[in-house]
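S.K.: Please find one structure pasted underneath; my questions will follow.
Since every read-out is calculated from the coordinates, none of them should be taken as a lab result. No experiment lies behind these values; they were computed from the predicted model shown. Reconstructed Cβ throughout: ideal geometry from the backbone, glycine too, with neighbour counts over all protein chains shown.
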Amino acid sequence: MYAVETKNLTKRYGKTWALKNLDFTIDENEIMVLLGPNGSGKTTLLLILATVLKPTSGQAKVMGIDVSTQSTRVRQIMGITFQESRGFWRHKPADILRFHASVCGVPKTKRDTLIEHILKDLELWDARNKLFMHLSGGQAKRLEVAKVFVHRPKFAILDEPSSQVDLRGKRKIWAQILKMREEGSTILIATNEVREAEYLADRVTVLDKGKSVVCDTVRQLKDSIAGGDVVELQIDTSDAQNLKRALSQIEGTVKITNSSANQFKAHVSMAESWVPRMTDVCYRSKARILSIRVTEPSLDDVFLHFTGRTLRRTSDE
């Protein structure tokens, strides 16, 4: 059984398709990252799985439970953090988390200890008695994701979990997400932040115009781009042209150029396999390698490769 499964899931707003016949699965105990620009259908999918929206047609299940016909049961096993922080303006962070813990069924004997631990880990302890309305944007966002960390549901949805948070704070949040997965939670994250996706994802699903374009591990997605890896070489050689010809014949070479007798740039597939072959060619050619620099494609490049567009887009979802 999948933790999440959709079949022909469709959501329309008038003539606009937010989701179009989406088939999508998440394995149990997996971190799945949804990648796509605004307008791709990410938020719509999250809200359907969270039972906030009903699909126009098709089916969606969470832990085998239908989100449309058994929405109450779905809510009992899931938790969600929203892109925009939610809280009563005149309530304090500790009180907000205490209320959230009680609603989600966290045992009363464990609440205060757990809340204190999470507030300290996310560096919110000193702000525990501030009013929500006085929190900075980063503090409010950390408080929003703290709700899920206190709840620790079987299935968690996080929408842009580290937006507005500095790098130190992001790493704190990411560590807690990984810890939840280690403890048995299945996690769905929607983000456009490439670093976040690469750090957390077991798999990435690229959404575009309400459809799943591709789904795989980060490594496999990057390796699927022919010539996506760039290897810059500085080589001491007395015969640059013959060396260039020999390098071009290595399996996985898409294009190779040299700006000078000693400077080469190779566009290759799977640099981790290409570089050892390259060193062997240089050794046999009696060429001395002075430096190597390898750059792999980013998830921005992956999205561009599969959709022909960049992730940066401003239309509403």
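S.K.: Taking loop as defined by DSSP and a crowding limit of 14 other beta carbons within 10 Å, which GluC sites (Glu not before Pro) in region 27-86 fit? Display every interim value, and only then the final one.
M.R.: Working: sites: E28, E30, E84; in loops: E28, E30, E84.
Listed in order of number, the matching sites are E28, E84.
S.K.: Grab the DSSP H runs of the chain that are 4 residues or longer, score each as -39,500 (n - 2.57), total them, divide by all residues and round the 222 nm result to the nearest 500 deg cm²/dmol.
M.R.: Numbers: 11 runs with 116 residues, N = 317.
Mean residue ellipticity at 222 nm (helix-derived): -11000 deg cm²/dmol.
S.K.: Using Cα-Cα distances under 8 Å and only pairs 6 or more residues apart, what relative contact order does region 226-296 have, in percent? Kindly include the intermediate steps, with their values, before the conclusion.
M.R.: Details: 133 pairs, mean separation 33.4, N = 71.
Over region 226-296, the number comes to 47 percent.
S.K.: If you find the alpha carbon centre of region 284-304 and of region 1-70, how far apart are they in angstrom?
M.R.: Value for the Cα centre distance between the two parts: 38 Å.
S.K.: Taking every pair of Cα atoms in region 226-296, average 1/r, invert it to obtain the Kirkwood radius, and report Rg/Rh to two decimals. Intermediate values should be presented prior to the final figure.
M.R.: On the way: Rg = 10.6 Å, Rh = 11.6 Å.
Answer for region 226-296: 0.91.
S.K.: With axes computed from alpha carbons, what is the tilt in degrees of helix 93-103 against the longest principal axis of the chain, rounded to the nearest 10 within 0 to 90?
M.R.: Tilt relative to the chain: about 70 degrees.
S.K.: Between helix 137-151 and the chain, what is the angle of the helix's C-alpha long axis to the longest principal axis, kept within 0 to 90° and rounded to the nearest 10?
M.R.: 70
S.K.: Compute the whole-percent fraction of alpha carbon pairs in the chain spaced more than 33 Å apart. Show your work: numbers first, answer last.
M.R.: On the way: 19428 of 50086 pairs.
Here the long-distance tail beyond 33 Å is 39 percent of all Cα pairs in the chain.
S.K.: Between W125, W17, W89, find the one with the highest GNM mean-square fluctuation for the chain; connect C-alpha pairs within less than 10 Å.
M.R.: Among W125, W17, W89, the largest mean-square fluctuation in the Gaussian network model of the chain belongs to W89.
S.K.: Here is a follow-up. Checking the table K20/K209; K170/K222; K179/K222; K255/K286; K11/K209 against a 18 Å threshold on Cα-Cα, which pairs fail?
M.R.: K170/K222; K179/K222; K255/K286
S.K.: Relative contact order of the chain: what whole-number percent is it, with Cα pairs under 8 angstrom and at least 6 residues apart?
M.R.: Working: 630 pairs, mean separation 64.7, N = 317.
RCO, the chain: 20 percent.
S.K.: Tell me which GluC sites (Glu not before Pro) from region 171-210 have a DSSP coil assignment and no more than 15 other beta carbons within 10 Å of their own.
M.R.: Numbers: sites: E182, E183, E193, E196, E198; in loops: E183, E193.
The qualifying sites are E183.
S.K.: Order of I189, I77 from fewest to most other C-beta atoms within 10 Å? Show your work: numbers first, answer last.
M.R.: Working: I189 27, I77 13.
Ascending Cβ contact count within 10 Å gives the list I77, I189.
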